[in-house]
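The values are calculated or read from the model by the stated rules, or taken from the named source; none is laboratory data. Keep in mind the model is a prediction, meaning the values are calculated, not measured. Cβ sites come from the backbone with ideal geometry, for glycine too, and all protein chains shown count toward neighbours. Keep in mind that these areas ignore ligands, DNA and RNA; they rest on the heavy atoms of the full protein, side chains included. Shrake-Rupley method; radii C 1.70, N 1.55, O 1.52, S 1.80 Å.
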Protein chains: 4
Amino acid sequence: MKAAIAGASGYAGGELLRLLLSHPGIEIGALTAGSNAGSVLGAHQPHLAPLADRPLLATTPDNLRGHDLVFLALPHGQSAAVAEELGDDTLVVDCGADFRLADPAAWEHFYGGAHAGTWPYGLPELPGQRERLRAARRIAVPGCYPTSVTLAMFPAFAAGLVEPDVVVVAASGTSGAGRAPKPNLLGSEVMGSVSAYGVGGVHRHTPEMEQNLSPLAGEPVTVSFTPVLAPMSRGILATCTAPAKPGVTSGALREAYELATKDEPFLRLLPEGHWPATSMTLGANTAALQITLDERAGRVVAVIAIDNLTKGTAGGAIQSANLALGLPEELGLPLNGVAP
Amino acid sequence: MKAAIAGASGYAGGELLRLLLSHPGIEIGALTAGSNAGSVLGAHQPHLAPLADRPLLATTPDNLRGHDLVFLALPHGQSAAVAEELGDDTLVVDCGADFRLADPAAWEHFYGGAHAGTWPYGLPELPGQRERLRAARRIAVPGCYPTSVTLAMFPAFAAGLVEPDVVVVAASGTSGAGRAPKPNLLGSEVMGSVSAYGVGGVHRHTPEMEQNLSPLAGEPVTVSFTPVLAPMSRGILATCTAPAKPGVTSGALREAYELATKDEPFLRLLPEGHWPATSMTLGANTAALQITLDERAGRVVAVIAIDNLTKGTAGGAIQSANLALGLPEELGLPLNGVAP
Amino acid sequence: MKAAIAGASGYAGGELLRLLLSHPGIEIGALTAGSNAGSVLGAHQPHLAPLADRPLLATTPDNLRGHDLVFLALPHGQSAAVAEELGDDTLVVDCGADFRLADPAAWEHFYGGAHAGTWPYGLPELPGQRERLRAARRIAVPGCYPTSVTLAMFPAFAAGLVEPDVVVVAASGTSGAGRAPKPNLLGSEVMGSVSAYGVGGVHRHTPEMEQNLSPLAGEPVTVSFTPVLAPMSRGILATCTAPAKPGVTSGALREAYELATKDEPFLRLLPEGHWPATSMTLGANTAALQITLDERAGRVVAVIAIDNLTKGTAGGAIQSANLALGLPEELGLPLNGVAP
Amino acid sequence: MKAAIAGASGYAGGELLRLLLSHPGIEIGALTAGSNAGSVLGAHQPHLAPLADRPLLATTPDNLRGHDLVFLALPHGQSAAVAEELGDDTLVVDCGADFRLADPAAWEHFYGGAHAGTWPYGLPELPGQRERLRAARRIAVPGCYPTSVTLAMFPAFAAGLVEPDVVVVAASGTSGAGRAPKPNLLGSEVMGSVSAYGVGGVHRHTPEMEQNLSPLAGEPVTVSFTPVLAPMSRGILATCTAPAKPGVTSGALREAYELATKDEPFLRLLPEGHWPATSMTLGANTAALQITLDERAGRVVAVIAIDNLTKGTAGGAIQSANLALGLPEELGLPLNGVAP
């Protein structure tokens, strides 16, 4: 199998390439870029030594054709035009937001402009979703925050343990904001400082979380979501809490999470008393998860750590692509992090 | 006025000294320490150049007597014995937890052992508290997390805008965990990583938050509190959310916070659209605050940044001491942070 | 005395303002900016709470006139045009490079373009320089790296202890690279990484170091200078080494440094066995210094820590301005750092 | 092939295990520890999800016997006793210092106590060394700093381009100092700060650098070495400079380095104009290298980046073990880093 990567000079593109370099079933084909086209990959991804001399082509359908699969890591709004030109014999995996939301109204409210459509959602752990992905030729990779929050809360909703009123505060490393230089993302600004942004229901990942959890709840789930920028390059730590339904016990909670995670290769429910740190999952496709019942406050609290670029983007994309290509789901995806 | 500092070799002690070095109304007297007694301050606080040669005495009542005020920055459980030996003509300001909680049952549940008592609570911004502090000879400095959460939420409760069911996720720098070396606080472990700890209603600062907010709410307030360790030395960013009461509007919310903060020298409600970062308050006694109404989720969200060592400990201690000593409340306390 | 600050929205400008806010002899006047003119200071320096609403004017001579002193914190090449329009009754302190070098050939080689001229060099600790600054109406503030290297090595050269062949490797925080957003300065790039740049005698601060040290050596001093970018916002740690002259002893070395630093308010020779860390000087106008004689290698090694924005730029600027204004040299300048 | 790891709960042990998890030719056998024996690996290395439940045995010869190879990652001084009990049919690879130095006098001067002996030195890139390692049953893994400095300078000495008077300043991440909790290694102390230590010819890695370079120079090489602690968990950036011999040109220098590196799988001479950053090599067994001739100062400057735990310890250990086991040298060793 041969894969092209559109957007190879950005952070998502770089992580796709890092993972594909040790993927035994996928060969790296054409690399394309926007304004960086014409240079070599080594100028932008100097950590990818084996690919340093690879040229960056322009992101055009012609340059992407002739591959078994194409990963799109493009700015929002650019995927549809490229994907249209690629036939159904090509698996197209979009790391952008364009095809994530099913509800055109939510799209228009949060992103603006016309809704491009909806592709199968690349989160194999969602109940029922793995089968859909096996048959997919188009895949919408989830957002990094929705990946973390959905993985943290789906067992509670699937087991009917919590009310549909979720509060999430999630700290993210700066790579989630991408590689375009902005003053507030300078090292001088972010080192030694934690800051909030997109507060009060305005972050674009909010409707995606609700879309994932509502079907499991059997009723509309509302998420109050606050993203926080933390002084690290990678990682998301999401704290997710919802009121426990009457009569829910610690034992029932743990049982539900054990059941939901025991056959999932990338979900790791930590031993009781251990809480997630993003360093546990740095560079890994694993999510580290822990839950507790706060009896005083009557709430279930789930904390999850992922690497926003791996499980949250590129690793998740490859995991879904493996399924769609008929490969073992775990192929080429690291289970262990890089620490300390 | 002359102040002794007990626990001068720790982080709270060091911050007290840093602030007192530029306080025009308080002179630095005896410095004491536990196991570091016998060495000079410069061996532990090399940033405090002007005090480098000051000797560290043992923490005994004899060494602390003869000062107008004594700051205690001791491990929990050691303050009562020292304070008893200091007469009422000495102002004693305790940066530890021993005298913060009014409810002996809460003390026993969260700290264990016998409750030492309750001293006037050193948070001048709490309605009615400033007057109490003016007459105090003993002051219990609030915990760093409770300082942040109380300052973020008291205006909403005082104005009757939110339900008494608060969810807090607060990211803290590592200095909040103190200076005793533990494996999980090594730089190698904390750099590049965010982690959760004390999740599910077990953190000792939880009852203190509830104690502060319940009287304003006129009913028991429950706080679901999750502390998070962030890769920075200083700072707390607390995200606090509670359901909005029916009919609450954005305008009413902003008005309540403007009213509550406009005469407070250290509370800074940011202009609309700007959100707090801990770097805004590094080394300052200021709290930077912003609020919004999430109409989709029906919740008020308040985000606050403080420096855990300044406004959250040593600066707050001096602010209350200023009041008790009849000095201007703002004397010697920096309003601006050190950035970038 | 009233000071205008040109370039108030950058890092040097912000640090000047932070220091001037607690300077008892200088009042803050007009603030100007380039592309940020028209906005308020709070949009760019949110840590400077007391100045949040101050408007940023355009950087024109008209807006800067009518002040006792003007600090210029402008991109290289812009200072001369502004300074020409300000009369000699105004003290002009230039934090840029334009007037630092005496040798037009060195200027042309390292900066290119025409040499603007030479102003009195704002490093009071250089032997003889303090008197020159007392009479100055124009001051060229040294570069941050030359400040560190000159302060580390001048005692050795003044005492004739080393050969004129210096090797310097200096690690700097990212604020030294300024606030203009560049991809390589993004937090995602700099966190968790140390990198070299400007290697091999090409960094513009190299001739300035040689200009400072050569007169003390009585012969041309050559500096091999390698700057290194470290994952922190502030601080320079410079390791400076030169061959010891024959017969030099540890004792003679220490004596020379004690003599050179004992009356200097901002030079702090650490006790033997203690080595500098940049955290000792964060936000302070102090330089922390230590030296040793490596007898195996026959070299003197001097290590110095400064805050690049304080002693390395804004604090050094104010120190020299104090002298030129007839104020006490130390007025308004912090001796202690902010740590941890 | 089956490998035991002694010292599995430390940083070197953890990195050995991370790499062995994806090594196709070596299976992970017994894990042993000192004071952590009796617990499971997951309590100490939570990032190594697949090994979380593995028990930690006591570090005894009995527990290490019966493996094809044994990696020792023990505190200095403990390797000899263990190795003696393992027969010559077992390959023993010591990540500690005990068997690195050939000169007993150097050992006694820098480490104290009796010299344990000398084992084949595990740096395959040293001219002639690869063949020696193919026949070795005992291997002394180089120190992390000597690995970086030797790789940076051996081509210059081998080609006779520099004088034997080297100055090195190397910044290291904190993991190089190990996992034992010490106050100066706390996150609060190291974040936001660069500091020097072991200055003036006293660092234990100094004689090892000289031992490696002197034979290539054909005369005794002296190294002035200053280690610097940087605020990051991993990585070494070493700046190495020596006087150029008369007549050396830029072209000759580059040619020598191209020749010395072109067949080395893990040495990567960067394209001209690009300088190393430690992030290029994070988690990789690669060294990123660049050189220049500073004609003004008459010096060759070489800058190198490695990951101290990978190429600097565990990766280097596995590379040498591969050779001794008759496996391909590069087997199981990542060529690309994890970035950003």
(message) Under the rule a/c < 1.5 gives rounded, and otherwise a/b versus b/c splits prolate from oblate, where does the stretch B:1-63 land using the Cα gyration tensor?
(response) oblate
(request) Answer rounded, prolate or oblate for the protein assembly as shown, using the Cα gyration tensor with square roots of eigenvalues a ≥ b ≥ c: rounded when a/c is under 1.5, else prolate when a/b is larger than b/c, else oblate. (result) rounded
(request) Count the net charge of all other residues whose Cβ sits under 14 Å from the Cβ of B:Ile304, scoring Lys and Arg as +1 and Asp and Glu as -1. (result) -1
(message) Quick check on the stretch A:190-317: of the DSSP beta bridges with both residues there, what percent are antiparallel, nearest 5%?
(response) 85 percent
(request) Give the relative contact order (percent, whole number) for chain A; include only Cα pairs under 8 Å separated by 6+ residues. (result) 18 percent
(request) Count, for each residue of A:6-15, the Cβ atoms from other chains sitting within 10 Å of its Cβ, then give me the mean as a whole number. (result) 1
(request) State to the nearest 20 debye the size of the charge dipole of the stretch D:260-313 about its Cα centre, where the only charges are +1 on K and R beta carbons and -1 on D and E beta carbons. (result) 60 debye
(message) Could you work out [θ]222 nm for chain B from helices alone, using -39500 (n - 2.57) per DSSP H run of at least four and dividing by all its residues? Round to the nearest 500 deg cm²/dmol.
(response) -7000 deg cm²/dmol
(message) Placing unit charges on C-beta atoms (Lys and Arg positive, Asp and Glu negative, everything else neutral), compute the dipole magnitude of the stretch A:145-306 about its Cα centre in debye, rounded to 20.
(response) 480 debye
(request) Taking each label point as 7 Å beyond Cα in the direction of the beta carbon, state the distances from C:Arg137 to the same residue in the other copies, shortest first, in nm. (result) 6.3, 8.1, 8.7
(request) Please give the FRET efficiency for D:Ala135 paired with D:Glu272, using the beta carbon to beta carbon distance and R0 = 35 Å, rounded to the nearest 0.05. (result) 0.35
(request) Check the straight Cα-Cα distances from A:Lys262 and name the aspartates and glutamates below 12 Å, setting aside those fewer than 8 residues away within the same chain. (result) A:Glu125
(request) Just tell me how shielded B:280-286 is by partners: mean number of partner chain Cβ atoms within 10 Å of each residue's Cβ, no decimals. (result) 5
(request) Roll a 1.4 Å probe over the protein chains and send me the accessible area per residue for the stretch C:145-306 in Å². (result) 27 Å²
(message) I'd like the distance separating the alpha-carbon centroids of the stretch D:32-72 and the stretch B:155-174, in whole Å.
(response) 45 Å
(message) Highest mean first, how do A:200-210, B:52-62, D:118-128 rank when packing is the count of other Cβ atoms within 10 Å averaged over residues?
(response) A:200-210, D:118-128, B:52-62
(message) Using 27 Å as the Cα-Cα cut-off, could you pick out the over-long pairs in A:Lys311/B:Lys245; B:Lys2/B:Lys311; C:Lys245/C:Lys311; C:Lys2/C:Lys311; A:Lys2/A:Lys311?
(response) A:Lys311/B:Lys245; C:Lys245/C:Lys311
(request) Give a quick list of trypsin sites (Lys or Arg not before Pro) in the stretch A:259-340 that DSSP marks as loop, anything other than H, G, I, E or B, with at most 14 other Cβ atoms within 10 Å. (result) A:Lys262
(request) Enter the Cα centre distance for the pair the stretch A:252-281 and the stretch A:85-104, rounded to the nearest angstrom. (result) 30 Å
(message) Just to confirm the numbers: D:Asp89, label point 7 angstrom along the Cα-Cβ line, distances to the other copies in nm, shortest first?
(response) 5.7, 8.6, 9.8
(message) If you take the accessible area of B alone plus A alone and subtract the pair, what total do you get in square angstrom, rounded to 100, with a 1.4 Å probe?
(response) 3300 Å²
(message) For Cα pairs less than 8 Å apart in space and 6+ apart in sequence, what is the mean separation divided by the residue count of the stretch D:145-306, i.e. the relative contact order in percent?
(response) 31 percent
(request) Once you have a ≥ b ≥ c as the square roots of the Cα gyration tensor eigenvalues for the stretch C:95-167, tell me rounded if a/c is under 1.5, and otherwise prolate or oblate according to whether a/b is larger than b/c. (result) oblate
(message) Taking 2.2 N^0.38 Å as the expected size of a compact globular protein, what ratio does the Cα radius of gyration of the stretch C:166-258 give against it, to two decimals?
(response) 1.33
(request) Kindly identify residues of the stretch A:187-213 having a loss of at least 50 Å² in accessible area between the isolated chain and the assembly of all protein chains, probe radius 1.4 Å. (result) A:Ser188, A:Glu189, A:Met191, A:Gly192, A:Val194, A:Ala196, A:Val199, A:Gly200
(message) Can you return the lysines within cross-link range of A:Lys182? Criterion is Cα-Cα under 20 Å, with same-chain partners fewer than 8 residues away left out.
(response) C:Lys182
(message) I'd like the antiparallel share, as a percent to the nearest 5, of DSSP beta bridges with both residues in chain D.
(response) 45 percent
(request) Take every DSSP beta bridge whose two residues both sit in the protein assembly as shown, then give the antiparallel share in percent to the nearest 5. (result) 50 percent
(request) Quantify how strongly other chains surround peptide B:235-243 by giving the mean number of their Cβ atoms within 10 Å of each of its Cβ atoms. (result) 5
(request) Note the distances from C:Glu219 to each other copy's matching label point, with points 7 Å along the Cα-to-beta-carbon direction, in nm, sorted shortest first. (result) 2.0, 8.7, 8.9
(request) On the protein heavy atoms, probe 1.4 angstrom, tell me the percent of accessible surface of the stretch C:145-306 carried by carbon and sulfur. (result) 53 percent
